[in-house]
Amino acid sequence: MASVDGCRDDPGGTRNYPMKRQGSSKDISERTLLKMAQWNRLCNLPAVYRQQLDELYDKDVLPMEVRHYLAGWIEEQEWKRAAQDYDLAMVLYQVLLGNLDIQHSRFVHNVAFLQRHNIRRYKQNFQMYEDDPCVLASNILWYLEKEKEILQNADLTDQVHVLQIEQEAMEISSQQDLERKLIGLQNEVQCIKHAMSCLEEQQDEFDFKYQTFKMEVVTDEAVKNEQNKIFQVLINRLNECRKGVLVDLRKHLDKTEELINLLVKKELVEWQRRQQRACIGAPVSVCLEQLEKWFTRVAVCLFQVRDFLDKLDELVGKVSYANDPIKIKKPALQQKTDKLLHDLLKSSFVVESQPSMPQGKGALVLRTNVQFSVKTRLLVKFPELNHSMTVKVFMDREVPQIKGYRRFNVLGTVTKALNMVESQNGGMVADFRHLTLKEQKSSGGKGSSDASSLPVVIISNSSQQQSAWASILWFNMISQDTKDVMFFTNCPAATWPQFAEMLSWQFLAAAKRGLTEDQQQMIARKLFGIKQDYDNCNVAWSKFSKENSPDTFWVWFDGILVMVKTFLEDLWREGHIMGFVSKGKEKLLLKKKQSGTFLLRFSESVIGGITFSWVETSLNGEPDVKTVQPFTKVDLMQIPLVEIIRNFQILEAGNIPVNPLVYLYPNTSKEEAFAKYYSEESGDKSPYIKYIKTKLVFVSKENTLEAVSPMSSDVAQGEGLEPITGLCGEVVGQDEDCPFVCSSVETFPHAPMLCDSTLCPDEDFPMCLSGTDPFLYDDSLTVDSVLPELSGFQEFISSPTQTCGSTF
């Protein structure tokens, strides 16, 4: 196999790929070389994509060396037409062999033994296509299409990288600006410190001279007057120096206030929004180390200012006079310094890890009498404060006057000291790991809080987790005001870009791979119908989690998520599951492919179901798409999906078992895609043999058996079990638990993604978006610190008709 690295041919066998090669008129022409754009681009891609190219050409169907040496000629030919035109395919086949002969002769002149040997062997392998050159044309076309996919992925990565660079550049610029301001603030503190030293020396000089003069007995009035003039000059100079220090302190506090506003109202808010998005699966950083450094540096500066003000009090105690500027202006400076420090410390107390249960569906969903954890952090890092400040966790003490409001007590170790032991980097944290909630029957007292968690949903039964998580997703996707207690009374709709991004995050969090643009487009078409642009479309809360109850959109989507996370994570992560594709699009894709091509998609009508469809050639020579009844967790708990694909068989006429699944869409061998997941034992030794024998073998209509098929051909609504022409099925061996034996009139539940698919079987029918259904909650979880007093609580209001739980 050839490698993609290098710069020229080497007699030792190393393959290299020049941008331009020299040759005779019998070789590749200069005009052809200019058309080698695709291959040249591939050879100059980053290493990760060249590795994909190596993996693509790891077989002798089209050797990489042949692709390289004949690159220009290969890219010029009409392989798509040749795949359907025998005469053209034969001409190209003969020209290909001729070009290999020419290349072989070149290596004879260059005394390249290994290359001559390889070219001769490749020519012999190609001669197998003499009877069917269209197959060769199809194979070469497939390789060229795969190359284009690699280039498209590389281009997309470059575009994303450019966007990330632009975004990162803006973030870096903002951070650099903040860093410059911090450095300027620290430099000012040093300047003020020097000015304070000068002021103290000047005052000491004046005080010493004045006290000495007072001890001397001077009777000469002229001398007295002269001395008084000297002391007046000194006191005026001291007064100006004091005024200068006070002005510097005022300017410094103004800049500090500006910097605190930048930290609290921009950087901290952006972090809180990132944390909010991270709670619903967004791949964003919520690290607090940089914020901690910034907050700490500002706090250090403010504490130094307080020291300066204390020093001014000390100086005034030694020397004072009428209209002393320190006595006049210092109180205002002291008040502003204390306020800034108070605001900074209050803002620096945050919930680092939002409340979550160890086995919960996600953060912010808590269940009564089940342990949960929450972690707080003080962003001002002072070792002197280690274990000197306490934190208390409690529910919101401000009770809204709303009918049905529920109160909860937090049980467990609810009070801890901020310490540096529980933090990996020595931060000031209080980590609460064994807390529980219990509903409160009597009202309690009021108090203050310093930091509130994001709103959480409290449930009393695990069956409520799904609807609770839907509320968390919706709130954190849309709301940027975590204190919006009336959010669900007039619940806003989500824009399609917001909604699609949130859905993609769920798959990214569950299986390390988000939704592709095509998958998002399929969901958009189901929601809104066919449109050129979905960016201006909106999804209502009622459409997401209320309509078609109990089989709402969220129930359907979450059922798929749970199935993928539990049984199909590897297959999803590697892109083997197309997943979200409509019936109409599925048929269009498969009918263009060779017989035996199949794809995996999620069921639109069975919650948490996955099915596969394949194309085969009917008796009249037309492509026919078949779909098997969806497999659910009941099946996947007994046998992995890859083993179902591996062992799925149809008994055709003559009782010959045939597996119709040959190529995973678009053209990947089933073995290449799934073999690494197969169990080591097969056949009768397979650990899944019982399931295979009873549930994975079907017989064709040519047999005399009267049975209803587990498969459907062009079924209009979901995967309904309707009688079909061409195939019907019967389980080999009777098994009452078999999911495929159903009455001929039985159909699957109405698809939550479809409005009325039976009206338009081959088209995507839009869902109707209208109306809202308030989903209201109560309570908020609050973390209390001994530092500053805080007001403003985060709570949701409970609807009297809602029984799934309550939120913080």
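Between the C-alpha center of region 676-692 and that of region 612-629 there is a gap of 27 Å.
Each peptide in 499-512, 231-244 gets a packing score, the mean of other Cβ atoms within 10 Å over its residues, and the list from highest to lowest is 499-512, 231-244. What the Kirkwood sum gives for region 466-513 is a hydrodynamic radius of 11.7 Å, with every pair of different alpha carbons counted.
Output the pairs from K181/K375; K361/K483; K209/K330; K592/K633; K483/K546 with a Cα-Cα distance over 29 Å in this structure; if there are none, say none. Those over the limit are K181/K375; K592/K633. Give me log10 I(q)/I(0) at q = 0.15 Å⁻¹ for region 537-687, Debye formula, one equal scatterer per alpha-carbon, no solvent. Results for region 537-687 at q = 0.15 Å⁻¹ read -0.85. Just to be sure I understand the curve: with the Debye formula and one point per C-alpha of region 37-216, what is log10 I(q)/I(0) at q = 0.08, 0.15 Å⁻¹? Debye output, listed in q order: -0.48, -0.95. Once Lys and Arg get +1 and Asp and Glu get -1 on their Cβ, which of V539, Q521, I459 lies farthest toward the positive end of the dipole of region 414-544? Selected residue: I459. Only Lys, Arg, Asp and Glu carry charge here, each on its Cβ (+1 for the first two, -1 for the last two); on that basis region 520-699 has a dipole of about 340 debye about its Cα centre. Which one, V305, P325, L345, is farthest towards the positive end of the dipole of region 302-353 when Lys and Arg carry +1 and Asp and Glu -1 on their Cβ? Positive-end residue among those listed: P325. Since only S613, N647, P687 are under comparison, the one whose Cα sits farthest along the positive direction of the charge dipole of region 520-699, derived from C-beta charges on Lys, Arg, Asp and Glu, is S613. Using the Cβ of A500 as centre and a radius below 10 Å, the other residues enclosed give a net charge of -3, where K and R count +1 and D and E count -1.
Using the alpha-carbon positions of region 62-109, Rg (one decimal) and Dmax (whole number) come out as 11.6, 38 Å.
Computed from the coordinates by the stated procedures, all read-outs in this text should not be read as laboratory data. This one's a predicted model, so the numbers in the text were calculated from it and none came from an experiment. Heads up, the Cβs are rebuilt from the backbone with ideal geometry, glycines too, and the neighbour counts pull from every protein chain shown.
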